[in-house]
Amino acid sequence: MFRRVGRPPLPGPSEIATTASATPSSPVTVSFLGVSTALFDDGESAILTDGFFSRPSLARTLALPLRSDMQRIDAALRRAGIISLDAVLCAHSHYDHALDSAAVARISGAVLVGGSSTGFIGQGSDLPDDRIVAVENGETTEHGNFAVTFFESVHSHPDRAHGVIERPLSQPARVSEYRCGEAWSMLIEHIPSGRTALVHSSAGFRVGMLHGSRADVVYLSIGQLGRQSRAFIEQYWRETVSVVGARRVVLTHWDNFFRPLHKPLHALPYAFDDMTVSIDVLADCALRDGVVLELPTLWRRVDPWA
C-alpha cells in the first residue's frame, strides 16, 4: 500500500485558533508542554499530566533501552517555571506518557497518580509508596486546589504495547516494557473557581464513559486519529466533547515526540498519522456545534476559560 513520506504542515492561524495568553486576573492557567503533558497552576497549587520531557529520538527508542534524560527534564521544568508540584497524573503507561513521570514526581515533591501499571513504574523508580496513588475507574483524588476524577477509556488504535505492567519497572527499560495499562480520561476541577477541564490523552473511547460529567474545556488527543474513518472521528467527538458540554477544545498529542523540546514542534510524520485528516473532521464538528477549536503553543501560559 502506498504511504506518503514527510509530514503534514501545521495549520496556520487562518485555519485554527491559538489559545490566548493568561492575564494576571486568571484564577488558573494551563501550559502545553508537548504530547499530552499539561501544567495546571493557580500560583498556590500545581498539577502536571504525564511529564514526558526526555523525548528520545526514534532510532534510540527502537534500538536501545530507555532512561529518563535528567538534563532535558531539568531544562523543561525550568522553562515551564515548575518548582514544585502537588501531583503528576499519568494518563497511561506507554513511554511517551510515563517514561519521566516518576522522575518528575521525585524532583518536584509530587505524588504520582495513575493506574496500577503506573504504580509499578513508580516502584521501579524507587518512589516511596506514600508518593504513589493507584486509582480505579470513577475515583476522585484531591491535590492542593485541584480535584481529579479518573474515567477508564481505551487507547487509540493501534496500541503497539498493549497489556499491563505486572512488576516494578526499573530503567533502563525497552519501549515494549512500557505497556499501556489503564488509559484514563481525567476530569480536572479547580476547586476555588469551579473551572473544569477534561484531559483526554489517547484517541479512543468507551461509549458512555463520560455520561453525566461536565467540562468547560477539553484537552483532546488526536494522536493516530487521522488514520480513522470520518464516522469514528465524529463519534470520538461526541463521546469526549459533546457529552460534557465543552465550549472549547485544545488539541494535544499531535507533535513529533522524537524531536526534543528545544527544537520547533513538528507534526507527526505521515508514517504515524495525518493530523490534517483529523483536524478537518474535528473543525467541521466544532463549527456545527459552536465550539472553539484551538492548537496550543508550547510553553505559553494560557487561560482556556477566558
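Quick grid of which residues meet (1) surrounded by fewer than 14 Cβ atoms within 10 Å (Cβ to Cβ); (2) modelled with pLDDT of 95 or more; (3) among the charged types (D, E, K, R); (4) in contact with a Cys (Cβ under 8 Å, 6 or more places away or on another chain):
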{"position": "GLY144", "(1), (2), (3), (4)": "no, yes, no, no"}
{"position": "SER153", "(1), (2), (3), (4)": "no, yes, no, no"}
{"position": "PRO158", "(1), (2), (3), (4)": "yes, no, no, no"}
{"position": "GLU166", "(1), (2), (3), (4)": "yes, yes, yes, no"}
{"position": "SER170", "(1), (2), (3), (4)": "no, yes, no, no"}
{"position": "VAL175", "(1), (2), (3), (4)": "no, yes, no, no"}
{"position": "TYR178", "(1), (2), (3), (4)": "no, yes, no, no"}
### Task
Any chance you could count how many residues in the stretch 220-236 are surrounded by fewer than 18 Cβ atoms within 10 Å (Cβ to Cβ) and within 14 Å of the chain's Cα centre (by Cα)?
0
### Query
Any idea which of (1) crowded, with 19+ Cβ neighbours inside 10 Å; (2) at pLDDT 95 or above is the one GLU136 doesn't satisfy?
(1)
### Message
Given the options SER117, SER93, name the one that is buried (at least 17 other Cβ atoms within 10 Å of the Cβ), under 21 Å from THR252 (Cα atoms), polar (S, T, N, Q) and touching a Gly at 6+ places or on another chain (Cβ under 9 Å).
### Response
SER93
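For the stretch 88-99, give me each residue that is outside any loop (DSSP other than H, G, I, E, B) and in contact (Cβ under 8 Å) with a residue 60 or more places away in the chain.
Restricting attention to the stretch 88-99, the residues satisfying the condition of being outside any loop (DSSP other than H, G, I, E, B) are 88-89, 95-98.
Passing the criteria: LEU89, TYR95, ASP96, HIS97, ALA98.
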### Message
Consider the stretch 201-219. How many of its residues are under 15 Å from the mean Cα position of the chain (by Cα) and in contact (Cβ under 8 Å) with a residue 40 or more places away in the chain?
### Response
7
### Query
What residue, among those in the stretch 270-289 that are within 19 Å of the chain's Cα centre (by Cα) and of a type outside the set (Asp, Glu), is nearest to GLU15 (Cα to Cα)?
ILE279
### Query
Inside the stretch 100-139, can you point out the residues that are of a type in the set (S, T, N, Q), in contact with a Phe, Trp or Tyr (Cβ under 8 Å, 6 or more places away or on another chain) and either within 22 Å of ASP42 (Cβ to Cβ) or in contact (Cβ under 8 Å) with a residue 60 or more places away in the chain (or both)?
SER101
### Summary
Selection over the stretch 237-272 where residues are without any contact (Cβ under 8 Å) to a residue 24 or more places away in the chain and surrounded by 23 or more Cβ atoms within 10 Å (Cβ to Cβ) yields a count of 0
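Would you mind finding the one in SER31, SER45 that is closer than 21 Å to GLU294 by Cα and either loosely packed, with under 15 Cβ neighbours inside 10 Å or of a type outside the set (A, V, I, L, M, F, W, C) (or both)?
The match here is SER31.
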### Query
Only one residue in PRO13, PRO24 is at pLDDT 90 or above and loosely packed, with under 10 Cβ neighbours inside 10 Å. Which one?
PRO24
### Task
Among the residues of the stretch 239-283, write down those that are touching a Pro at 6+ places or on another chain (Cβ under 8 Å), of a type in the set (S, T, N, Q) and not in a loop (DSSP other than H, G, I, E, B).
THR252, THR276
### Query
For the stretch 140-200, which fully contained strands (runs of 3 or more DSSP E) count at least 2 residues that are within 16 Å of the chain's Cα centre (by Cα) and of a type in the set (D, E, K, R)?
none
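The values are calculated or read from the model by the stated rules, or taken from the named source; none is laboratory data. Note that the coordinates shown come from a computational prediction; the quantities given were computed from them, not determined experimentally. Virtual Cβ from ideal backbone geometry, glycine too; neighbours counted across all protein chains shown.
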